[in-house]
Structures are given as C-alpha cells and as structure tokens.
Amino acid sequence: MIHKRYEVMLTGKTDPSRFLSLLVRSGVKVTGLTETGDKIRFQTDKKGIQFIRKNRRRYRMKVSIKRPEEGSVESRLFTSFRFLIACLIPLLASMLLWEIEIESDMPEVAERIEVKLDKASIKKFRPLSTIPDEGEIRRALMLDDPSLSWVRFKRSGSTLTITPMLSPKLNDKVEKEGPPSDLIARTGGVITSFRLSRGERVAHVFQTVKKGDLLATGTLVQGNKTAVVGAEGSVFADFWSEYTFKIPKTIDYQLLGEEKVNVHWQSPIVWKNDGFPSFRSFIKTEHVREDRIEQFELTEDMGESIILPLIKHKIINASQFDLIIKEENILHLTFGSDTVEGTILFLMNENIAVKRPIPKETETIE
C-alpha cells in the first residue's frame, strides 16, 4: 500500500517558519510546500501528523489538517496493487505473439506454411523477442517449395501476417489440345538436350540444325504398322542472337529506406457491435519505411558493369521459354544526349522446338 498523504496548513501568532524548521530538523517529511501571507501549506505523512500534534501547543501554532478522501479516484488507484496489476497484464501480453494470419487463396499452400512454422517453433504465445528475423523465416518457408516465389511479412502489434506469393506456372507444362504434330526448329542452333514426353527423336545431341529442320516426329513406325501419336516436349539448343536496344541515358532507381518502429498507445478495450467488449494490447507498433527515388546517368565506362546486366535481365524476363544466356559480347554502344543505343551478341540456350501439324493424309495402318 502507498502511504497516505495529509495536507497541513500552519497559522499562529508566532512565525510559522520556526515551527517548520523544527519539523525539518526532526526528519519529518515535508513536500509541496507553499507560503501565502502568514499561512504555510505542505503535505506530510501520518508520522509527521503525530509530531505536529505533539509540538504545536509549545509553538502556539494553529494547525488545520485535511485528510485524503477514502473514496476518491486517487485513493482507489494508488492505494492498491490492483492498478499495477491492471497495467502489467496488458504490458506482458503485448510481448507475446497472439495471432498468426496467413493470407492465401489456396488452402494447401496455407497448410504447408502452417506446418513449416510449427517446425520452426513459430507459434502463438511465443515471446516476440525470440522470433527469428524475417529473412530466416522466409528461407525456412521457401526451402524445397518451388511454388513460392516470395513471402511477405507484416507485424502489427502482437499479430504476424504472412502473405505467400506463388511462382508463375511454366509454359512448357501447359499442353494445349490440338492435332498431332511433329516438332521442328524455329531457329538454327546446336542441339544440347531433349525433353520429350511423347514422340521419337529425329535429330541428335550436338547436331547443328537450321530453321525448319525436323527435330522429333509424332509418327511412329514399327514393322508394317504406323501410328500417329504426335510429338510433345522441348528441344534445347545453343545459338547466337543479336539484340539491338535503345534506352534512356538517365535511369531512375529506388533505394530502400531505414525501417522505423513507431509505438502508439491505444485503449485495451474494443466494443463490438453486439455490445460486448473484446480485449487487445494497449501498445500498438507500426513499422514504417520511407523509400526514395534516385537517378544516375550512364557513362561509357558502364557498358560491362551496368548496361549489359540490365539488358540481360530484360531479355530473360521477357522470354517465354527456359532461356539461359551463356556468353555475351558488346558489338557497339552509342551515347547520345538523352539515349544510349547499342547492339549485343548473345549466346543463348533455350527451347527451339515448335509444333508442325502432321498431314491428315497420314493414317494409322494396322
């Protein structure tokens, strides 16, 4: 319990300061001292009140003592440990992870993430200070899961929100219905590998082919029997390709700013529409990051370090096939006042197979 304070007012025929000096020398607690004319007001405890009553006659002092009201708000709050407990419980609760939300339209993805979070011991009611870094959680979730391209995190107070982003499906896994076809080369090159799910090879690895050459046939012949099944799959080859580009000389890029955490106080009670209260932490944290846009100007010495990687990234992202760039050579670069033009020679490896329908005259012969 916090000791009660009494408000005392001293008046008298003698100088009240003499009596006040006696109180101080005797070790009486005196706080909130104010003097108005011949009146002196201050606060003291119960022990000080006993000393004042014992010595006031000798110094001919008139003493007015005001007791604290037992039913006041101040008395109810600060004379009981219930107020401290009411403050400590939300404070301790705000240090724990109360909710984990997974925002995904695919239940199977959300279920896999829940299993991996459980294996990593990221569960409800775990102290926030022991939760691993976002990068570590992201690596654990994306490990051996090719369906995930990225995982976003957002932490608001004691709630952790996880948003998985799925990888786009590869085009070679989508087989369109159509007439039986052979596979021919859409461009020339040196064959490096076959990935056929149906049909028979006609060309072979390390063979040089030109545009229109037959790579795999969908017509199978065994003895005197012929079956038209169609060819499906991919044929990868190495080939050289020139790429001409024109880009702005001044490039904008984004810099990630420093993340700041803002702490706000909020009411721990939230009233619902049905009239019943729900409880939450009275501490709300907000993660804020201010990114900024910067610019830099391309110069002639940035060909290998900046321009070449930039063009390679653009080509790979725009490709509809499993493209690999093995080598590159800058043929020329021209720097104008506002633009940069050039030509780059790339050694690429990708699927060169396209379908060519088998003539309808070809029939299955028993």
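The values are calculated or read from the model by the stated rules, or taken from the named source; none is laboratory data. Worth saying up front: this structure is predicted, and the values here are computed from it rather than measured. All Cβ positions, glycine included, derive from the backbone under ideal geometry; neighbour counts span all protein chains shown. SASA here: full protein model, heavy atoms, side chains in, ligands and nucleic acids out. Shrake-Rupley method; radii C 1.70, N 1.55, O 1.52, S 1.80 Å.
Candidates are the residues of the stretch 332-359 that are in a loop (DSSP other than H, G, I, E, B) and either of a type in the set (S, T, N, Q) or without any contact (Cβ under 8 Å) to a residue 24 or more places away in the chain (or both); the one that is most open to solvent (accessible area, probe 1.4 Å) is Ser337.
For the stretch 177-204, filtered to residues that are open to solvent by 50 Å² or more (accessible area, probe 1.4 Å) and within 46 Å of the chain's Cα centre (by Cα), the residue that is modelled with the lowest pLDDT is Glu177. Scanning the stretch 127-142 for residues that are touching a residue at least 24 places away in the same chain (Cβ under 8 Å) and open to solvent by 50 Å² or more (accessible area, probe 1.4 Å) yields a total of 2.
Listed here are the strands (runs of 3 or more DSSP E) enclosed by the stretch 180-248 that have at least 3 residues being touching a strand residue (DSSP E or B) at 6+ places or on another chain (Cβ under 7 Å) and among the hydroxyl-bearing types (Ser, Thr, Tyr): 189-198, 232-248. Close Cβ contacts (under 8 Å, 6 or more residues apart or on different chains) running from residues in the stretch 102-126 that are closer than 16 Å to Thr159 by Cα to residues that are open to solvent by 60 Å² or more (accessible area, probe 1.4 Å) comprise Ile102/Glu114; Leu117/Lys123; Lys124/Trp98; Lys124/Glu99; Phe125/Trp98. Checking Glu328 against (1) open to solvent by 70 Å² or more (accessible area, probe 1.4 Å); (2) modelled with pLDDT of 90 or more, which single condition isn't satisfied? It is condition (1) that Glu328 fails. So is Asp118 open to solvent by 70 Å² or more (accessible area, probe 1.4 Å), modelled with pLDDT of 80 or more, of a type outside the set (Phe, Trp, Tyr) and closer than 30 Å to Ala140 by Cα or not? So Asp118 passes the test.
Of the residues making up the stretch 31-44, those that are loosely packed, with under 15 Cβ neighbours inside 10 Å and at negative phi are Thr31, Leu33, Thr34, Glu35, Thr36, Asp38, Lys39.
Please list, ordered by residue number, the strands (runs of 3 or more DSSP E) wholly in the stretch 249-308 having 3 or more residues that are open to solvent by less than 80 Å² (accessible area, probe 1.4 Å), over 30 Å from Glu341 (Cα atoms) and in contact (Cβ under 8 Å) with a residue 24 or more places away in the chain. Write out each step before concluding.
Numbers: elements: 250-255, 259-265, 269-271, 277-279, 283-289, 292-297.
Counting at least 3 such residues, we get 283-289.
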